[in-house]
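Reading through the structure tokens given below for one structure.
The values are calculated or read from the model by the stated rules, or taken from the named source; none is laboratory data. Keep in mind that this is a model prediction, so the values were computed, not measured. Because the Cβ atoms are built from the backbone with ideal geometry, glycine has one as well, and the counts that use them run over all protein chains shown.
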């Protein structure tokens, strides 16, 4: 059967505006169809209220190779966007590592990856947003035309309006990525290697994996036209384990971008048979891959209620000046590995950060320290809360996709309440969506 021709973009926007106006006076959440990348929580209330159906916004509107700009609807996944742009020798500047992450999700939820040491987050490569507000207005936002509103859409987690179209820059790419793995034995050497490589700018990609105390790997990637061999980590073999044993590797560019997708980083190891080769070969198509693993976690969500607490899945953005302090504390106190580390340079302080938080950070280079699957059942301590408090102590920022524990006072000491409420009043005067604290923190600490 042929896929029906998509409705014109303007028609989809008009239909969405009609939905918004029909739902005035109620509280809604966005239903994009498919999986979402919030971490499942017991008794989750983030998706309470009426559904606002945005599942139609899944088309690549245009790719302009000469201008190096892609214009897409927010439900387009990065896997699909790369399929459209790579034949032109171009890719988005920052490609999040899971195939199902959407362009809209990357803007609203602060996506970074191994290109971020140079370019910042995906949102830092965006040129224009089209947004439907809670009042039913359609607004076009650019960094120059409305810098505050444009900057506040990033990191708003779907609480200010509905993205309906995004224009982003594209960057030159080649068919393959050559990887070099530099293994060092100390935190100091690990940080120094990443800083030196970032300063040189002689690689397209920089990230790191801490496999355990004294086992640090800096992963360096560069685009190449040809490869002597190509590895695959889509089914039987496991990418993150390969970085502990190899000195080099070659992947197709697409496989590099989504190298962590098969395991959803390393969450598959929470079910040990999913790391057995025979099981992966026979059942990998059903269970492996981020979309499958997220769907299964949703189906098994009632079992989370049997746990004292869900496992920790969180990204912590630690200022570069405090990175070694964090690593030493983490090794001594948390002792859960692998730890994924992504250097991330912030081009300028974001308007959703309070002046106090910008002063605390004291740096424009951050290290995203990503913790995936840390068991959290100890009765005497909650690692989710401990990690949140440590990040604040070090002047860092954590993503809000998992459990959050902030008091209102601390939350609004980190986030810029004045800027947020100014745009909330303009874009959502009737409170169609919960505010960011009410959606992501209140009632779920």
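I need a count of the residues in the stretch 184-207 that are surrounded by 16 or more Cβ atoms within 10 Å (Cβ to Cβ) and either closer than 21 Å to residue 112 by Cβ or touching a residue at least 60 places away in the same chain (Cβ under 8 Å) (or both). Step through it out loud before you land on a result.
Residues of the stretch 184-207 that are surrounded by 16 or more Cβ atoms within 10 Å (Cβ to Cβ), as a first pass: 184, 187, 190-191, 193-195, 197-198, 203-207.
So of that shortlist, the ones also either closer than 21 Å to residue 112 by Cβ or touching a residue at least 60 places away in the same chain (Cβ under 8 Å) (or both) come out as 187, 190-191, 193-195, 197-198, 203-207.
Going through the stretch 184-207 one residue at a time, the tally reaches 13.
Can you pull out every residue in the stretch 215-240 that is modelled with pLDDT under 95 and farther than 23 Å from residue 198 by Cβ?
The answer is 232, 233, 234, 235, 236, 237, 238.
Among (1) farther than 23 Å from residue 345 by Cα; (2) buried (at least 24 other Cβ atoms within 10 Å of the Cβ), where does residue 99 come up short?
So the condition that residue 99 fails would be (2).
Among the residues of the stretch 345-355, is any within 22 Å of the chain's Cα centre (by Cα), surrounded by 15 or more Cβ atoms within 10 Å (Cβ to Cβ) and without any contact (Cβ under 8 Å) to a residue 40 or more places away in the chain?
Yes, there is a match, as at least one residue in the stretch 345-355 is within 22 Å of the chain's Cα centre (by Cα), surrounded by 15 or more Cβ atoms within 10 Å (Cβ to Cβ) and without any contact (Cβ under 8 Å) to a residue 40 or more places away in the chain.
Suppose we filter the stretch 411-428 for residues that are out of contact with any helix residue (DSSP H, G or I) (no Cβ under 7 Å at 6 or more places or on another chain), assigned to a helix (DSSP H, G or I) and within 22 Å of residue 315 (Cβ to Cβ); how many remain?
Total meeting the criteria: 1.
If you check 371, 397, which single one turns out to be buried (at least 16 other Cβ atoms within 10 Å of the Cβ) and more than 21 Å from residue 219 (Cβ to Cβ)?
397
Name the residue, out of 431, 438, that is at pLDDT below 95 and in a helix (DSSP H, G or I). Give the steps one after another, and end with the answer.
On the way: 431 fails: in a helix (DSSP H, G or I).
Selected residue: 438, the only one of 431, 438 that is at pLDDT below 95 and in a helix (DSSP H, G or I).
When residue 127 is evaluated against the numbered criteria (1) at pLDDT 95 or above; (2) surrounded by 22 or more Cβ atoms within 10 Å (Cβ to Cβ); (3) within 24 Å of residue 161 (Cβ to Cβ), which criterion, by number, is the only one it fails?
(2)
Check every one of the helices (runs of 4 or more DSSP H) wholly within the stretch 258-343 and list those with 2 or more residues that are in contact with a strand residue (DSSP E or B) (Cβ under 9 Å, 6 or more places away or on another chain) and at pLDDT 85 or above.
Per the criteria, 323-333.
Being surrounded by fewer than 19 Cβ atoms within 10 Å (Cβ to Cβ) and in a loop (DSSP other than H, G, I, E, B) is the filter here, so list the residues in the stretch 400-410 that pass it.
Once the filter is applied, which keeps residues that are surrounded by fewer than 19 Cβ atoms within 10 Å (Cβ to Cβ) and in a loop (DSSP other than H, G, I, E, B), the stretch 400-410 yields 405, 407.
With respect to residue 230, determine if the residue is surrounded by 14 or more Cβ atoms within 10 Å (Cβ to Cβ) and either in contact (Cβ under 8 Å) with a residue 60 or more places away in the chain or in a loop (DSSP other than H, G, I, E, B) (or both).
no
Kindly establish whether residue 437 is touching a strand residue (DSSP E or B) at 6+ places or on another chain (Cβ under 9 Å) and within 29 Å of residue 50 (Cβ to Cβ).
Against the criterion (touching a strand residue (DSSP E or B) at 6+ places or on another chain (Cβ under 9 Å) and within 29 Å of residue 50 (Cβ to Cβ)), residue 437 qualifies.
Out of all the residues in the stretch 155-162, is one or more in a helix (DSSP H, G or I), surrounded by fewer than 24 Cβ atoms within 10 Å (Cβ to Cβ) and touching a residue at least 24 places away in the same chain (Cβ under 8 Å)?
For the stretch 155-162, residues in a helix (DSSP H, G or I), surrounded by fewer than 24 Cβ atoms within 10 Å (Cβ to Cβ) and touching a residue at least 24 places away in the same chain (Cβ under 8 Å): absent.
Please determine, by comparing only the residues of the stretch 109-120 that are modelled with pLDDT under 95 and in a loop (DSSP other than H, G, I, E, B), which one is nearest to the chain's Cα centre (by Cα).
Only one residue fits best here, namely 111.
Of (1) crowded, with 18+ Cβ neighbours inside 10 Å; (2) under 25 Å from residue 310 (Cα atoms); (3) more than 24 Å from the chain's Cα centre (by Cα), residue 272 satisfies all except one. Which?
(1)
Just to be sure I understand the filter: pairs with C-beta atoms under 7 Å, separated by 6 or more residues or on different chains, first member in the stretch 236-251 and within 22 Å of residue 224 (Cβ to Cβ), second member in a helix (DSSP H, G or I). Which pairs pass?
249/242
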